[in-house]
Amino acid sequence: MALQLIPHKLVVSGKIATFINSPGIMNHTTYFNLECKACPRLAEFLCDVKQKHPDYHALPVAPFGDPNAQLLIVGLAPGMHGANATGRPFTGDYAGLLLYQALYDFGFSNQLESSHLADGLQLSNCRITNAVKCLPPQNKPTGDEIKQCNSYLAAEIKTLPKNAVILALGSIAHHSVLRAYGLKANAAKFAHQQIFDLPDGNSLISSYHCSRYNVQTKRLNMNMLSAVFANIQTILAQQP
């Protein structure tokens, strides 16, 4: 599936730079706001981070990938020295290592690694977003912040084609997807490899998050994540 190439704004050292024809970047203004400051705690924290790390993105992180994707991957939130620094989900930190390897192994990515916005990475039939678009202190958003940001996820889900698959990485992402559909938290219990039929015909499949902690504690490994993507491929192959 061909990707659309459009201009994208990136903050570098406090200035706005424009990447023309950056692969994998799409027009997502209908469900993303780079200037959002609806959560005062997060907005203040990002200002502090920007002062300490002037070369960091330190703004809400936009979704990344194919605008017509059948697979939407939902993470928790940007990491301090990963997406918050680079401006791309799961880019520049440990959590992205397993994820982008799986995407490459199963044909969703043209590259094995994601390092920065201009690295040539392209996703095909896949898009990555976060339940919370801003870096939270200690990687822990509050319940109110998760709820506040949920309208963006709900709007993004509405752009998916019929019979799409949503992969939720971790319990917060899982429950954020349910909330985006107006479902109660107990509508589908979070569990690794759990598949749930959503009201609009889409499928929700959940996995443990590919964080350093989960990998080091052996809660998740590459074989387990590969099995999740094998299920996703099977579901997508069955679609008309």
* Identity of the residue in the range 218-240, of a type in the set (G, A, S) and either farther than 18 Å from D105 by Cα or in contact (Cβ under 8 Å) with a residue 40 or more places away in the chain (or both), that ends up surrounded by the fewest Cβ atoms within 10 Å (Cβ to Cβ) -> A230
* Structure fact -> Subset of the range 29-45, residues surrounded by fewer than 20 Cβ atoms within 10 Å (Cβ to Cβ), in contact (Cβ under 8 Å) with a residue 40 or more places away in the chain and assigned to a loop (DSSP other than H, G, I, E, B), comes to T30, Y31, F32, N33, C36, A38
* What are the residue pairs meeting all of these: first residue in the range 46-62, first residue part of a loop (DSSP other than H, G, I, E, B), second residue among the hydroxyl-bearing types (S, T, Y), Cβ atoms under 7 Å, and 6 or more apart or on different chains? -> P54/S13; D55/S13; H57/T86
* In the range 207-217, which residues are free of Cβ contacts under 8 Å to residues at least 40 places away in the same chain, assigned to a helix (DSSP H, G or I) and surrounded by 18 or more Cβ atoms within 10 Å (Cβ to Cβ)? -> N214
* Among (1) of a type in the set (A, V, I, L, M); (2) touching a residue at least 60 places away in the same chain (Cβ under 8 Å); (3) within 16 Å of Y152 (Cβ to Cβ), where does A83 come up short? -> (2)
* Asked: Taking the range 161-206 only, how many residues are closer than 24 Å to G143 by Cβ, touching a residue at least 60 places away in the same chain (Cβ under 8 Å) and not in a helix (DSSP H, G or I)?
  -> 5
* Do we find a residue being buried (at least 22 other Cβ atoms within 10 Å of the Cβ), assigned to a loop (DSSP other than H, G, I, E, B) and within 17 Å of the chain's Cα centre (by Cα) anywhere in the range 141-160? -> yes
* Only one of A85, A102, A77, A95 is closer than 29 Å to L236 by Cα, surrounded by fewer than 24 Cβ atoms within 10 Å (Cβ to Cβ) and hydrophobic (A, V, I, L, M, F, W, C); which? -> A102
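Every number here is computed from the coordinates shown, using simple stated rules; none is lab data. What you see is a predicted model; the values in this text were computed from it and never measured. Here the Cβ is made from the backbone with ideal geometry for all residues, glycine too, and neighbour counts use every protein chain on show.
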